[in-house]
Amino acid sequence: MAKNRGAIIAVILVAAAGFGLAAAKFGGSDDRVLRVANQKGQVKSMMIASGVLNDAPYTVEWSEFPAAQPLLEAVGGGAADLGLAADAPFIFAYQSGSPIKAIGVQAPAAQAAEALAILVKDGSPARSIQNLIGKSIATTRGSIGHHLLLQALERAHIPADRVRVTFLPPGDAKAAFDSGAIDAWSTWTPYTNVAIKEGARAVVDAKDYGLPNYIDIAYADSIGSKRALLADFLRREARAVDWARAHPDEFAQVLAKETGLPLDIARASFDRNNRVAQPIDGKIIAHEQDITHRFQKAGLIDGKRVVADAFDPDFGKGG
């Protein structure tokens, strides 16, 4: 498993994909390169496997990250034009002042078990969130795992300070979980898949709380200078998502190759993370407002930025 764990915590992989003849609408120098931040191979693997970038009139430069937090730092810092991340870390970064904007939304196609969960070792006596009072729980600050933990505590009427939260990136959290340095780990696929395969089990499963939306997030300055590229990439991404849903085994093979994940883990990751495009509408805005309130109630953000202003609905109208 050492090789697989190494793949799971890899931070940067850079590659180029899809260069074709320039089309008339992509005329300037800024229209020749789109820098896309990728998390655990998911988007890149779909785009490669489906071939949707083969005739793209621009180059895509990929950067790879193990979690949403560093991905959002890259996008918010202008090191990338675009990245896909779940809604909780997007809202967390936006409310922390990051110059980012949502230009697309993908909602879960099904309430897949253990796509996002609070895990314990199989030998742990814990069977519910109540059993974790006073225990140590690792997660990544502002992540979907962090948000799930807050949801579970809220539903059980447990004050957030009744558990000991340790903020760690996924690789460090896995090491702490494996060594027994923490009692539980609130995380997401493919980390849930790997841990469960190695004997962990879920005491809280996100299917009972609602899986997160995933957001196509753009650097604010890139929206002006690269709007045509961003809109074109979103259209190609939608085609790639449809292709992956129709060819899950072929997609899993490319995902395994790109990330170093075992094939069964890559396949399970797709099954637990299947998504469909969703228009940016009032329902989406209200859902993200709920996340803002939850982080705000926990004292993690001030929540002063208007949530609706975090979204650019024009991309959903064809760019």
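Scanning for something of a type outside the set (Ser, Thr, Tyr), touching a Phe, Trp or Tyr at 6+ places or on another chain (Cβ under 7 Å) and within 26 Å of Ile118 (Cβ to Cβ), does the range 235-244 turn up at least one residue?
Of the residues in the range 235-244, the ones of a type outside the set (Ser, Thr, Tyr) are 235-244.
After this cut, where a residue has to be touching a Phe, Trp or Tyr at 6+ places or on another chain (Cβ under 7 Å) as well, the list is 244.
The next check asks that each one be within 26 Å of Ile118 (Cβ to Cβ); those that pass are none.
Taking every residue of the range 235-244 in turn, none turns out to be of a type outside the set (Ser, Thr, Tyr), touching a Phe, Trp or Tyr at 6+ places or on another chain (Cβ under 7 Å) and within 26 Å of Ile118 (Cβ to Cβ).
Screening Asp216 with (1) modelled with pLDDT under 95; (2) closer than 22 Å to Trp62 by Cα gives one miss only, at (1). Report yes if Leu82 is in the same structural domain as Ala228 (by TED's automatic domain parsing), more than 17 Å from Ala206 (Cα to Cα) and within 22 Å of the chain's Cα centre (by Cα), otherwise no. Yes; evaluated as a whole, the condition is true for this residue.
So, Gly171, is that one in a helix (DSSP H, G or I) and outside the structural domain of Leu72 (by TED's automatic domain parsing) or not? Lay out the reasoning, then the answer.
Numbers: in a helix (DSSP H, G or I): yes; outside the structural domain of Leu72 (by TED's automatic domain parsing): yes.
Yes.
Scanning the range 154-186 for residues that are out of contact with any Lys or Arg (no Cβ under 8 Å at 6 or more places or on another chain) and either polar (S, T, N, Q) or on the phi > 0 side of the Ramachandran plot (or both) yields His157, Thr166, Ser179, Ser186.
Of the residues making up the range 297-307, just one is at pLDDT below 95 and part of a helix (DSSP H, G or I), namely Lys297.
Quickly run through the range 153-171 and pick out the residues that are touching a residue at least 24 places away in the same chain (Cβ under 8 Å) and of a type outside the set (A, V, I, L, M).
To start, the set of residues in the range 153-171 that are touching a residue at least 24 places away in the same chain (Cβ under 8 Å) comprises 153-156, 158, 160, 162-171.
Of everything in the range 153-171, those that are touching a residue at least 24 places away in the same chain (Cβ under 8 Å) and of a type outside the set (A, V, I, L, M) turn out to be Glu154, Arg155, Arg162, Arg164, Thr166, Phe167, Pro169, Pro170, Gly171.
Taking helices (runs of 4 or more DSSP H) as the structural unit, those lying wholly within the range 181-295 and holding at least 1 residues that are buried (at least 20 other Cβ atoms within 10 Å of the Cβ), touching a residue at least 40 places away in the same chain (Cβ under 8 Å) and not assigned by TED's automatic domain parsing to the domain that holds Asn131 correspond to 220-225, 227-246, 248-259, 263-271.
Residues satisfying the criterion are present in the range 11-18 (criterion: modelled with pLDDT under 50, surrounded by 15 or more Cβ atoms within 10 Å (Cβ to Cβ) and at positive phi).
The values are calculated or read from the model by the stated rules, or taken from the named source; none is laboratory data. On a predicted model such as this, the values are computed, not experimentally measured, just so you know. When we count neighbours, we look across all protein chains shown, and the Cβ atoms used for this are built from the backbone with ideal geometry, even at glycine.
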